[in-house]
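Report on one structure; see the data block that follows.
Values in this text are rule-based calculations from the coordinates and carry no lab data. The model shown is predicted, which means the values in this text are computed figures rather than measured ones. Note that we place each Cβ from the backbone using ideal geometry, even for glycine, and neighbour counts take in every protein chain shown.
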Amino acid sequence: HAGEAHRTDLMTITRYVLNEQSKHPESRGDFTILLNHIVLGCKFVCSAVSKAGLAKLIGLAGDTNVQGEEQKKLDVLSNEVFIKALVSSGRTCILVSEEDEEATFVQPPLRGKYSVVFDPLDGSSNIDCGVSIGTIFGIYMIKDAHEPTIEDVLQPGKNMLAAGYCMYGSSCTLVLSTGSGVNGFTLDPSLGEFILTHPDIKIPQKGKIYSVNEGNAKNWDGPTAKYVENCKFPIDGSPAKSLRYIGSMVADVHRTLLYGGIFLYPADKKSPNGKLRVLYEVFPMSFLMEQAGGQAFTGKQRALDLIPTQIHERSPVFLGSYDDVEEIKALYAAEE
Ligand code: AHM
Ligand code: MG
């Protein structure tokens, strides 16, 4: 038996990133070290998520533990793991997490040149029914590591050095871009290593799927309503699109990346800035989309050009296949 089962030359995520870094002679392995700490966080969360249902049943987690202390919820636990892993890497400076109101400034002995923005466990309303959830992250390089300020993370998404997500689903998949394409790695649980399984992901130029929470339709603006209407009743005689909506951004974006199509979280009358957060949801996913040949748009501009003024700011987003996003851009342009 030659072939897959006997493959002996494994491209792990660490090996992949080391290869990438070797193209930059000035690099000293700091990014590889940082990424290894992110990967550790992902492995921990993956293991915790897969045990979550079981733990509940046999009373490992729940309201109280044996000492009568309250058990930590999975999203709180995931956040702690990521914060600790990132600080202890010695390569970070500022951390912004969806779970924490304030940014974390790393103190000098452990301070490094990267800042990481992340959502440790996105889609957590899906945990209890076993639907895929994920971690989303983006990485910036700090200008002056001696005097870090919050402005260092209030930067447009196009300044990110790298972005990615890890999806905790039927398998654990980490999708990463360091600014030269997008690659997907799958966790081999027996090795505890992420192995390159989806090299150089490119999103189809046009897709057959649209993905949006249509329950909000009564509050949509004109261009969004018109776009979705056209997905269902195309005026040019092309086939109607299929609707797929999981309600877990990582899973919806992952499908969009692999199969093509469009994911929308638009503005509506109740939420004029949509729901999704600029720094650690919209930016990393937009970065990956562009790197895979797709587009990301806010309804006004290229998503990665947005300059956030607050760390938990929200923005509408339309992202996916190049041609599909082009259509929604045309509808917003016609509005003006
Ligand atoms: P969360 O950060 O509270 O988990 O919310 C983010 C999630 C995304 O994963 C998903 O795209 C979106 O919320 C779904 O929102 P809705 O339920 O309004 O459709
Ligand atoms: Mg979230």
For region 208-336, what ratio Rg/Rh do Cα atoms give with a Kirkwood hydrodynamic radius? 0.93
Please compute, over every Cα-Cα pair in the chain, the percentage with a separation greater than 29 angstrom. 40 percent
Short version: ³J(HN,Hα) in whole Hz for each residue of region 304-313, in order, from phi by Karplus 6.51 cos²θ - 1.76 cosθ + 1.60 (θ = phi - 60°), x for Gly and Pro, what are they? 6, 8, 4, 10, x, 10, 9, 5, 9, 4
Starting from the Cα of residue 269, draw a straight line to each of the lysines and keep only those under 23 Å, dropping any in the same chain fewer than 8 residues away. 218, 226, 232, 300, 329
Taking the Cβ of each residue in 91, 244, 255 as the centre, tally the other Cβ atoms inside 10 Å and list the residues starting with the fewest. 244, 255, 91
In which sequence would 27, 89, 286, 78 go, from the one with the fewest C-beta neighbours within 10 Å to the one with the most? 27, 89, 78, 286
Whose amide H sits under 5 Å from the amide H of residue 207, counting only residues 5 or more places off or on another chain, with H placed in the peptide plane? 261, 324
Karplus 3J(HN,Hα) series, Hz, for region 32-39 with 6.51 cos²θ - 1.76 cosθ + 1.60 (x for Gly, Pro): 4, 5, 4, 4, 4, 6, 5, 4
Over the chain, relative contact order from alpha-carbon pairs under 8 Å, at least 6 apart, %: 15 percent
Please rank 227, 140, fewest neighbouring Cβ atoms within 10 Å first, as an exposure proxy. 227, 140
Rounded to the nearest 5, what % of DSSP beta bridges with both residues in the chain are antiparallel? 80 percent
Once residue 129 and residue 159 are pulled to full extension, the length gained, defined as 0.36 nm per residue separation minus their Cα-Cα distance, is 7.1 nm
Read phi for every residue in region 175-184 and hand back ³J(HN,Hα) as whole Hz from Karplus 6.51 cos²θ - 1.76 cosθ + 1.60, θ = phi - 60°, with x for Gly and Pro. 10, 9, 10, 9, x, 9, x, 10, 10, x
GNM on the chain, C-alpha springs below 10 Å: top fluctuator among 277, 28, 302? 28
Using a 4.7 Å cut-off between beta carbons, which cysteines in the chain end up with no partner cysteine at all? 93, 129, 231
Taking the highest mean first, how do the peptides 308-315, 195-202, 39-46 order by number of other beta carbon atoms within 10 angstrom per residue? 39-46, 308-315, 195-202
Please work out the FRET efficiency for the pair residue 236 and residue 144, using the Cβ-Cβ distance as r and a Förster radius of 45 Å; give the result to the nearest 0.05. 0.30
Using the Kirkwood radius over C-alpha pairs as Rh, can you work out the diffusion coefficient of region 153-228 via Stokes-Einstein at 4 °C, viscosity 1.567 mPa s, in µm² per second? 82 µm²/s
Most mobile listed residue (319, 77, 121) in the chain, GNM with C-alpha springs under 10 Å: 77
Once the Cβ-Cβ distance between residue 80 and residue 27 is put in as r, and R0 is 45 Å, what FRET efficiency do you end up with, to the nearest 0.05? 0.90
Counting only helical runs of four or more DSSP H residues, what would the 222 nm mean residue ellipticity of the chain come to if each run contributes -39,500 (n - 2.57) and the total is spread over all its residues? -9500 deg cm²/dmol
For the pair residue 226 and residue 323, what calculated FRET efficiency results from E = 1/(1 + (r/R0)^6), where r is the Cβ-Cβ distance and R0 = 22 Å, to the nearest 0.05? 0.85
Along principal axes, largest first, the alpha-carbon spread of region 246-300 in whole Å comes out as 32, 23, 19
